[in-house]
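To start, the structure itself, in structure tokens.
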Amino acid sequence: MARLVSQGKYLLDGAQKFYIRGVSYGPFVPNSRGERYPEPERAAADFALMKRLGANVIRLYVPPPPWMVEEAQKAGLRMMLGIPWPFHMAFLDSADMMREIRDAIRKTVQDTQQFGETIAAYSIGNEVRSDIVRWHGPRAVSNFLAELRDLGKQIDPGALFTYSNYPSAEYLDLSFLDFISFNVYLHREEDFRRYLTHLMGQTGDRPLVLSETGMDTIREGEQHQADLLSWQCRAAFELGLSGFIVFAFTDEWHTGGAEITDWAFGLTSRDRSPKLAFDAVGKVFSESLPPPLATAPKATVIVAAYNAASTLGECLSSIRELNYPDYETIVVDDGSTDATAEIARQSGVRTVRIEHNGLAVARNAGIEAAAGEVVAFIDADARADRDWLYHLIETIKRRDAAAAAGPSFAPDPKSARAAAMAAAPGLPREVRAGDDRLLQLCGCNMAITKTALVKAGGFDPMFTAAGDDVDLSWRLAAADETLAYAPGAVVIHERRATLSAYLRQQRGYGVGEGLLFRKYPLRAADEGGIYAGPSWIGSIFGGARVYYGEFGRGLFQTVYSAGNSYADLPLTVQWIGLSLIFLVLGSVNRLLGVLGAGGIALSILAAAAGAISVPLPRGHSGLVPRAYLWIINLLGPAVRSLARERVKWRFEPAADGGDPNGPIDLSGRLEFVASDGAAKIDSSTILSAIRDALVRRGIAVAETDGFQSYDLEIVVPPIIRVPINALRTDAGVAIVWRTRPAPRRVLIAAAITFVLLAGCFSIGAGIIGVILAAIAVGLLALARARRIPAIIKACAAEVAGSLGISVATRPEDET
């Protein structure tokens, strides 16, 4: 028996995962020694019965006497040792009470540290009441609990410390703990699974243990208790929790100075006769964990690799150790020039070599070669947890989902710079849409059914470095497919080693966001970004909202983001660029210089706020990683937004995109005609094909969601909009378009320009500035508008050729 350690999302006993299979025990009527536990003979018999159950941890609510710990050692049981104090009182209002609590922590750890390996963890508290938390404030309570944890660590640095929270105070920040414990009583399986999935997401890279659950057999009956605990136990381990503790081992229970006789939560009765639930729980406890799948479809793991020789070996080594019965591994070498292909060959996995065409093409090549019913994707610089594939496929099968994705965490950082990189903003991750659903999959950790992939047409080759996973997510969601969250499917994803590598990554994400704009130009700003939306530090300025419920009595007081979409504004290239222009113009007008300096100062402060507020990885603190993180926060968003805006504003369609000096044709009409009648022409097929052809030429095209008057709309910054509609005709299908301006944002910019120039110089200067800006915007729009008709016609000709029909130009007013 070795000391447990907390690593990533799981507890470890040596190199193996340790799953807590636990029961709560006591407190009892004081024994002949005045201890709140049974006599030694009774306790020894109870421990033997727990071993028969398959338990390995006993949860205690009051510290045990030494003889009891020794009996647990003999039985091969560990203890999760609770330290009681007045959780139900306003403890922070009393200096004496706070001192007594600290003394209780010190004394308990000092008295039991000699038993090291037998103490699975110390629980420094249990369910501080939600009204007490609101009275003192969540931060004050969290800080006090962190202080208690630090006191214990000073005495026994190798011990694990936890705190048993409950849903009514879910919003407490407990990130300082070695693992998170929650007491949850939910009796509907759907609610239970959804809430535990939610908690797995909330606890981040900390293990989660269900520290209490159970059912009263007096009111519900033994069969109901057995059925409930059976599926609860399986569900907890299937989701990826690190422990499941049943309340309680026996009906015998003494608390508050009284024997409790009107509740019977035990797996055994007061005389220790096993109830039906004893065998039901024991069946799950005796299985290998996580529980075996009823059916395990063949899976294919695809690793797209480009010059990945430095990391591919560890990635493939982790895949070889996966806990899944039927899978293959395919490495797609995307034209690497290093030893990537040789490393894959030496690892004995199937390798597909292609010319270098980018990430989406490489993933599509892997899909084509895959034999699995489910296709999983992991990056070449990531390592999979042994149960990664299990949790992805279990989630897909149980939820009848098209896809599932899990979290990715940074490896333990070895330096201050690595710690800052692990906490940097804008890194790859899944984006959740609720407790157990996703808005976006993350390509470094996802699995998709091959049926869904083929139906969706795979990944779009236009995304060469980033954005392909987001695009596929949106297309699957538009087809009403379920994207499920699998919180137990963990990968360890290497972060960029240097600032320059990080900035190259962010530039790639910015390009991906620009390409997404071309396909989805009117998508809302708060959902149009990669891996977290456009706001980098929205949580700092926007804070969080807590659902307290009516009169503060909500049973599940969940944290919600305030969602401030303007919080990242001082860190964007637009803000920084405008501030620098004002700073230069300060030589002409002092007020403009003040505005420029103020803008730059606000950018610096915003970056500093992010560096100070974001939590660093465990074991790292101090000025050096914060200073490095400040530089990252200042440069990263600017580089990313610059790359995004360059792609969004670029208008360089393919060579068949028309004469830039041709005549202006603001409207037009094309008619598609089939040789044997219009019945063979479907308007939705025509529109979809035209949209694809336009996007391939670098044009941003929006589809209607049913609330617009157009079927498609071309968006050409800064002010051009071209709505396209499909019409049924006697001969076939006609598409009509009309170029129109959409100057709302330009008018806002003009108003701001006028106010600034008029305020700093004169009204005349403001008018002249607006006129000059309007001329520049108008000339740019005119140059782009000339090319639109020829682009549409070129796309229509391509579509007609692919469908085997003809296309003709008709006057727009012809019927």
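The values are calculated or read from the model by the stated rules, or taken from the named source; none is laboratory data. Nothing here was measured: the structure is a model prediction, and the numbers come from that model. Cβ placement follows ideal geometry from the backbone for every residue including glycine, while neighbour counts extend to all protein chains displayed. Quick note on the areas: whole protein, heavy atoms, side chains included, nothing else; ligands and nucleic acids left out. Shrake-Rupley method; radii C 1.70, N 1.55, O 1.52, S 1.80 Å.
Being closer than 24 Å to Thr464 by Cβ and exposed (fewer than 15 other Cβ atoms within 10 Å of the Cβ) is the filter here; which residues of the range 340-356 pass it?
Result: Arg353, Glu355, His356.
Looking at the range 316-327, can you tell me whether even one residue there is hydrophobic (A, V, I, L, M, F, W, C) and in a helix (DSSP H, G or I)? Don't jump to the end; show me each part of the working.
Let us first name the residues in the range 316-327 that are hydrophobic (A, V, I, L, M, F, W, C), namely 316, 319, 322.
Still in the running and in a helix (DSSP H, G or I): 316, 319.
Taking every residue of the range 316-327 in turn, at least one turns out to be hydrophobic (A, V, I, L, M, F, W, C) and in a helix (DSSP H, G or I).
Filter the range 298-322 for residues that are of a type outside the set (Gly, Ala, Ser) and surrounded by 17 or more Cβ atoms within 10 Å (Cβ to Cβ) and give the result. Spell out the reasoning first.
Start the filter on the range 298-322 by keeping residues that are of a type outside the set (Gly, Ala, Ser), which leaves 298, 300-303, 306-307, 311-312, 314-316, 319-322.
Thr300, Val301, Ile302, Val303, Tyr306, Thr311, Leu312, Cys315, Leu316, Ile319, Leu322 - these are the residues of the range 298-322 that are of a type outside the set (Gly, Ala, Ser) and surrounded by 17 or more Cβ atoms within 10 Å (Cβ to Cβ).
Give Glu212, Glu259 a once-over and let me know the one that is at pLDDT below 95 and charged (D, E, K, R). Outline the logic, then answer.
Values: Glu212 fails: at pLDDT below 95.
Every option except Glu259 fails the conditions.
Looking at the range 270-277, can you tell me whether even one residue there is in contact (Cβ under 8 Å) with a residue 40 or more places away in the chain, in contact with a helix residue (DSSP H, G or I) (Cβ under 9 Å, 6 or more places away or on another chain) and in a helix (DSSP H, G or I)?
The answer is yes; a qualifying residue exists.
Scan the range 263-285 for residues that are open to solvent by 90 Å² or more (accessible area, probe 1.4 Å) and either among the acidic types (Asp, Glu) or farther than 19 Å from Gln223 by Cβ (or both) and jot them down.
Looking only at the range 263-285, we keep the residues that are open to solvent by 90 Å² or more (accessible area, probe 1.4 Å), and these are 263, 270-271, 279, 283.
Within the range 263-285, Arg270, Asp271, Asp279 meet the criteria.
Determine whether the range 583-604 contains at least one residue that is crowded, with 17+ Cβ neighbours inside 10 Å, closer than 16 Å to Leu427 by Cβ and in contact (Cβ under 8 Å) with a residue 12 or more places away in the chain.
no
Output the residues belonging to the range 649-706 that are modelled with pLDDT under 85, open to solvent by 30 Å² or more (accessible area, probe 1.4 Å) and within 13 Å of Ala796 (Cβ to Cβ).
The one that is modelled with pLDDT under 85, open to solvent by 30 Å² or more (accessible area, probe 1.4 Å) and within 13 Å of Ala796 (Cβ to Cβ): Asp656.
Which one of the conditions (1) touching a residue at least 24 places away in the same chain (Cβ under 8 Å); (2) touching a helix residue (DSSP H, G or I) at 6+ places or on another chain (Cβ under 7 Å) does Arg475 fail to meet, given that it meets all the rest?
(1)
Would you check which residues across the range 278-315 are among the β-branched types (Val, Ile, Thr) and part of a strand (DSSP E or B) and list them?
Filtering the range 278-315 down to residues among the β-branched types (Val, Ile, Thr) leaves 281, 284, 295, 300-303, 311.
Of everything in the range 278-315, those that are among the β-branched types (Val, Ile, Thr) and part of a strand (DSSP E or B) turn out to be Thr300, Val301, Ile302, Val303.
One line per residue, one yes/no per condition, for (1) of a type in the set (Asp, Glu); (2) open to solvent by 20 Å² or more (accessible area, probe 1.4 Å); (3) within 27 Å of the chain's Cα centre (by Cα):
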site	(1), (2), (3)
Val133	no, no, no
Ser164	no, no, yes
Leu172	no, no, yes
Leu177	no, no, yes
Tyr185	no, yes, yes
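Residues to consider are Ala609, Ala601, Ala627; find the one that is outside any loop (DSSP other than H, G, I, E, B), more than 30 Å from Tyr520 (Cα to Cα) and modelled with pLDDT under 90. Give the steps one after another, and end with the answer.
Numbers: Ala601 fails: modelled with pLDDT under 90; Ala627 fails: modelled with pLDDT under 90.
Just a single option satisfies the conditions, and that option is Ala609.
Residue by residue, here is whether (1) closer than 17 Å to Leu687 by Cα; (2) in a helix (DSSP H, G or I); (3) open to solvent by 30 Å² or more (accessible area, probe 1.4 Å); (4) at pLDDT 85 or above holds:
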position	(1), (2), (3), (4)
Gly764	no, yes, yes, yes
Ile767	no, yes, yes, yes
Pro789	yes, yes, no, yes
Ala800	yes, yes, no, yes
Ala808	yes, no, yes, no
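Kindly establish whether Ala785 is over 40 Å from the mean Cα position of the chain (by Cα), surrounded by fewer than 17 Cβ atoms within 10 Å (Cβ to Cβ), more than 30 Å from Ser675 (Cβ to Cβ) and touching a residue at least 24 places away in the same chain (Cβ under 8 Å). Walk me through how you get there before you give the answer.
On the way: over 40 Å from the mean Cα position of the chain (by Cα): yes; surrounded by fewer than 17 Cβ atoms within 10 Å (Cβ to Cβ): no; more than 30 Å from Ser675 (Cβ to Cβ): yes; touching a residue at least 24 places away in the same chain (Cβ under 8 Å): yes.
Answer is no for this residue.
Modelled with pLDDT of 85 or more and small (Gly, Ala, Ser): does that describe Ser641? Break it down stepwise before answering.
Numbers: modelled with pLDDT of 85 or more: yes; small (Gly, Ala, Ser): yes.
Here the answer is yes, as Ser641 does meet what is asked.
Anything in the range 382-407 that is open to solvent by less than 30 Å² (accessible area, probe 1.4 Å) and assigned to a loop (DSSP other than H, G, I, E, B)? List them, or say none. Give the derivation first.
Filtering the range 382-407 down to residues open to solvent by less than 30 Å² (accessible area, probe 1.4 Å) leaves 382, 384, 387-396, 401-407.
Asp387, Ala401, Ala402, Gly406, Pro407, listed by residue number.
Picking from Glu321, Glu328, Glu287, Glu259, which residue would you name as being farther than 18 Å from Ser24 by Cβ and over 30 Å from the mean Cα position of the chain (by Cα)? Before the answer, list the steps.
Details: Glu321 fails: over 30 Å from the mean Cα position of the chain (by Cα); Glu328 fails: over 30 Å from the mean Cα position of the chain (by Cα); Glu259 fails: farther than 18 Å from Ser24 by Cβ.
Going through Glu321, Glu328, Glu287, Glu259 in turn, just one is farther than 18 Å from Ser24 by Cβ and over 30 Å from the mean Cα position of the chain (by Cα): Glu287.
Out of Ala781, Ala808, Ala751, Ala758, which single residue is within 30 Å of Leu585 (Cβ to Cβ) and touching a strand residue (DSSP E or B) at 6+ places or on another chain (Cβ under 7 Å)?
Details: Ala808 fails: within 30 Å of Leu585 (Cβ to Cβ); Ala751 fails: touching a strand residue (DSSP E or B) at 6+ places or on another chain (Cβ under 7 Å); Ala758 fails: touching a strand residue (DSSP E or B) at 6+ places or on another chain (Cβ under 7 Å).
Going through Ala781, Ala808, Ala751, Ala758 in turn, the sole match is Ala781.
Cβ-Cβ below 8 Å, separation at least six or inter-chain, first residue in the range 696-710 and under 19 Å from Arg475 (Cβ atoms) and touching a residue at least 40 places away in the same chain (Cβ under 8 Å), second open to solvent by less than 10 Å² (accessible area, probe 1.4 Å) and not aliphatic (A, V, I, L, M): which pairs?
These pairs meet every condition: Val701/Glu713; Ala702/Glu713.
Go through the range 147-158 residue by residue and tally those that are among the small types (Gly, Ala, Ser) and surrounded by fewer than 21 Cβ atoms within 10 Å (Cβ to Cβ).
1
State all residues of the range 719-740 that are over 26 Å from Ala773 (Cβ atoms), of a type outside the set (A, V, I, L, M), assigned to a loop (DSSP other than H, G, I, E, B) and open to solvent by less than 40 Å² (accessible area, probe 1.4 Å); if no residue qualifies, say none.
Thr729, the sole residue that qualifies.
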